[in-house]
Amino acid sequence: MGEIAVSLWRGRADGSYQVYRVPQRDNQTVLDVVTWVQRNVDPTLAYRFACRVGMCGSCAMTVNGRPRWTCRTHTAKVVNDGRLEIGPLANLPIIKDLACDLQPFFEKWQKAKAVFAPRLTREDAIERIMPTTAARLAADAAIECINCAVCYAACDTVRWNADYLGPAALNRAWTLVNDVRDTGNRQRLAAVAAAGGCHTCHSHQSCQQHCPTALNPTASIAGLKRHTMQAYLRGELE
Amino acid sequence: MNGNRGQPQHAPNTSGHRHNTLWLAALLHRLSGLALAAFLPLHFLVFALVLKSEAALDGLLRWTANPAVKLAETGLVFLLTLHLLGGIRILLLENLPWFAGHKRLVAGALLTASMLALVFLVRAA
Amino acid sequence: MNVRLYVLQRASAAFMAPLLLIHLGVIFYASSRGLSAADILARTRGSLLWGTFYAAIVVAAATHAAIGVRVIASEWTRWRDDALQALMWACGLLLVALGLTAVAAVVLA
């Protein structure tokens, strides 16, 4: 079938692309390509993966300039003129080669108070939540996030503003704002109404365009804007 | 963007996400706003000229008959309309429940701004 | 950008939108008729309506633009908070001062 000239980022932030020649196969994914290089050419290549079937989000990398899940990207769709370019996710510190440090991403999740604060305990009866209420529908539309950081890597506002909490953290916060079992909304709304919070979003919709789970953080963030504005006007924000 | 063309790249290429209509719309919105903000002081100064004399304002208004100036004014009408319509789209996005069709709205805004500017140019010529 | 700046910026935008549509109408009318200074001033001098209308636009535009410029500077430069605040106030006050001077010039006799 021929060969692909694959440029892989090697090193840290001060590294560079190195080109490898990889046999192209039918039904081949970008993750297959990276794995082939590591097994057959250079065992020192660092990269992450886990499920390799599009469920865990671990294999997210930058492919031809765009963040995506490499196990769900067929080479036939992205190889141009026999060339392919693979690098680590953007907007995160590079550990080595194709692996980046997700610590800042998780820290912002905490900073957005996108953490469930329960009211009931195991001693209480289970609360019945109707899946058809407006709040539950809103939460369910955003709940499938597996924190792969593709949206975070696709966001220019994240790139331009170090304080910006980012689409994933805010999307998660939105699911909790709509969760009737949660009691942390006062602090959560204050957290997302501060500098670097939901109001920093410019609605580029790069997050929504690139989310492999077809989520829409822009919509979630718009919801947060409405809730925080109402809370602010009512004097409820700390 | 696509493979190593023999030139050393000192940072990973990560701008592919910008090939996105809505990202471009946001950029145009920002640049048009910046241009309008820069133009406003000049605009105000022109009308404050009346404080000096009507003749001074008249002189300036006659200057605006210059085709190069008319072209610049056409540009401003375009920028104002674009920024205004784009801004309305954002206000709707942020205050109404989510709706689809944003790319179409952006295209509509660009078209309307262009048409309005064209009408201005033709009528003012 | 935080909730306070956001509310001011969006409110000034929403307030201005209909006013600017009218202003666009005025622009078209004045330029296609080739109005001279005397023509314009005959309409604006002593007019409480035009005075209020344009003063409102000036204040809203100054607020909106100042916050907008602050946001752009915060993302595209490395300026810190104090510099950004100063920039925002400088832009806002300059636009209000120049704008209200212009409105006064064409409205007051």
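None of the figures in this text is laboratory data; all of them are computed from the coordinates on show. Computed from a prediction, not measured in an experiment: that's the story for all the values here. Because the Cβ atoms are built from the backbone with ideal geometry, glycine has one as well, and the counts that use them run over all protein chains shown.
Quick notes
- Gyration tensor over the Cα atoms of chain A: the corresponding equivalent ellipsoid has semi-axes (square roots of 5 times the eigenvalues, largest first) of 38, 19, 15 Å.
- Relative contact order for chain A, counting Cα pairs under 8 Å that sit 6 or more residues apart, in percent: 17 percent
- Straight-line cross-link partners of residue A:111 among the lysines, defined as a Cα under 29 Å from its Cα and at least 8 positions apart when in the same chain: A:96, A:225.
- The residues packed around residue A:4, meaning those with a beta-carbon under 9 Å from its beta-carbon, carry a net charge of +1 if Lys and Arg are +1 and Asp and Glu are -1.
- Shape box of the stretch B:19-124 [Cα atoms, principal axes, largest first, Å]: 53, 27, 23
- Built amide H within the under 5 Å cut-off of residue A:56, gap 5+: A:51
- Fewest neighbouring Cβ atoms within 10 Å first, the residues C:70, A:119, C:78, A:83 line up as C:78, A:119, A:83, C:70.
- Partner aspartates and glutamates for residue A:113 [C-alpha distance under 16 Å; skip if fewer than 8 residues away on the same chain]: A:163, A:179, A:182, A:238
- Under 28 Å from the Cα of residue B:70 - lysines, other chains or at least 8 residues apart: B:52
- The relative contact order of the stretch A:103-233 comes to 32 percent, based on Cα pairs under 8 Å that sit 6 or more residues apart.
- q = 0.18 Å⁻¹: log10 I(q)/I(0) that the Debye formula gives for the stretch A:103-233, counting C-alpha atoms only: -0.93
- Per-bin percent of Cα-Cα distances, the protein assembly as shown [10 Å]: 4, 17, 24, 21, 17, 11, 5, 2, 0
- Other residues whose C-beta falls under 11 angstrom from the C-beta of residue A:118 contribute a net charge of -1, scoring Lys and Arg +1 and Asp and Glu -1.
- Taken along its principal axes, the alpha carbon cloud of the stretch C:3-107 reaches lengths of 48, 23, 23 Å, longest axis first.
- Within-15-Å neighbourhood charge of residue A:145 [Cβ basis; K, R +1; D, E -1]: -1
- Per-residue [θ]222 nm for the protein assembly as shown (sum of -39500 (n - 2.57) over DSSP H runs n ≥ 4, rounded to 500): -18500 deg cm²/dmol
- Of the residues B:39, B:47, the one with the fewest other Cβ atoms within 10 Å heads the list, and the complete ranking is B:39, B:47.
- Here the residues A:94, A:129, ranked from fewest to most Cβ neighbours within 10 Å of their Cβ, fall in the order A:129, A:94.
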